[in-house]
Amino acid sequence: MYYSDKYSTIPLGIVAKRICGCGLSSFALENQDPLVLVVPNVAMIQNKVAQYPNNRRDELVFGLYGNVSIKELKAYIKTTTVPKVMVTYDSFYKLVDLIDKDYYVVVDEFSELLDAYGYRNKAINSLLNEVFKFDRLSFISATPIKNEYLPPQLKSLNYTELT
C-alpha cells in the first residue's frame with residue numbers, strides 16, 4: 001500500500017510513517033503544493049530528481065546541492081507551475097529567502113538529524129533555525145523517536161503516527 005492510497009495530505013508536525021518505501025516523499029513531490037523536501041544526502045536528491053517528469057508529475061523536480069547555482073533555482077521557481085525543490089540539510093539556508101512562506105517544507109528522514117548531530121551540529125542547528133520560519137512544516141521518519149530524545153524545537157509539535 002502506498003501513502004496516496006490512504007491519505008490526501010501530509011500532517012503538520014512530526015509524522016511517524018513506520019514503513020520505509022511507502023511513497024510519502026513521492027506523494028510530496030507529486031501533489032499540488034509548492035514544496036521543499038529536505039533530505040540528508042545528495043544521493044537521495046539525485047535518485048528522485050532523475051524520476052521526474054513522469055506520468056504523475058509533468059514538471060521537473062529541482063535539486064539544490066553542492067555547486068548548483070541560486071540563479072538556476074530562481075529561474076526554476078519563476079518558470080514552474082508547482083515548484084518542487086529537494087535540498088540537503090546543509091543547503092536549506094540557501095533557499096530560505098527565495099521562496100515564499102506558503103511553501104510546504106518537509107524534512108524527510110529527520111531521525112538522521114539526531115544521528116548526525118554529533119558531527120554535523122552546525123548544519124543541523126542552521127536547518128532547525130530556518131525551517132521554523134515556515135508554517136507548513138513536517139518532519140517525517142520511519143523510525144519513531146521518543147519525545148524525550150527530540151531537540152527542544154521539536155518537542156511541542158503535533159505527533160502523527162500513520163497506521
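What to note about this one:
- Of the residues V106, V96, V82, V87, the single one that is under 17 Å from L29 (Cβ atoms), of a type outside the set (F, W, Y) and more than 12 Å from the chain's Cα centre (by Cα) is V82.
- Members of the range 74-99 that are within 16 Å of V38 (Cα to Cα) and open to solvent by 20 Å² or more (accessible area, probe 1.4 Å): D90, Y93, K94, D97, L98
- Test: residue in the range 26-33 that is among the hydroxyl-bearing types (S, T, Y), out of contact with any Cys (no Cβ under 9 Å at 6 or more places or on another chain) and at pLDDT 95 or above: no
- Residues of the range 100-121 that turn out to be basic (K, R) and surrounded by 13 or more Cβ atoms within 10 Å (Cβ to Cβ), as a count: 1
- Among the candidates I124, I140, residue that is without any contact (Cβ under 8 Å) to a residue 40 or more places away in the chain, within 30 Å of T163 (Cβ to Cβ), open to solvent by less than 10 Å² (accessible area, probe 1.4 Å) and among the aliphatic types (A, V, I, L, M): I124
- Taken over the range 89-115, the criterion of being under 13 Å from S141 (Cβ atoms) and either in contact with a helix residue (DSSP H, G or I) (Cβ under 9 Å, 6 or more places away or on another chain) or modelled with pLDDT of 90 or more (or both) is satisfied by V106, V107, D108, E109, F110, E112, L113, L114.
- Residue in the range 8-23 that is nearest to V85 (Cα to Cα), counting only those that are open to solvent by less than 60 Å² (accessible area, probe 1.4 Å) and at pLDDT below 90: G23
- Test result for E161, surrounded by fewer than 18 Cβ atoms within 10 Å (Cβ to Cβ), acidic (D, E) and in contact (Cβ under 8 Å) with a residue 24 or more places away in the chain: yes
- Output for the range 133-150, where each listed residue is farther than 14 Å from I10 by Cβ and touching a Gly at 6+ places or on another chain (Cβ under 9 Å): A142
- If you go through the range 144-158 and keep only what is open to solvent by 80 Å² or more (accessible area, probe 1.4 Å) and at pLDDT below 90, you end up with K146, N147, E148, Y149, P152, K155.
The values are calculated or read from the model by the stated rules, or taken from the named source; none is laboratory data. All values reported here derive from a predicted model rather than from experimental measurement. Counting neighbours? That spans all protein chains shown, and the Cβs are built from the backbone with ideal geometry, glycine included. Each accessible area value is taken on the protein alone, full model and side chains, heavy atoms only, with ligands, DNA and RNA left out. Shrake-Rupley method; radii C 1.70, N 1.55, O 1.52, S 1.80 Å.
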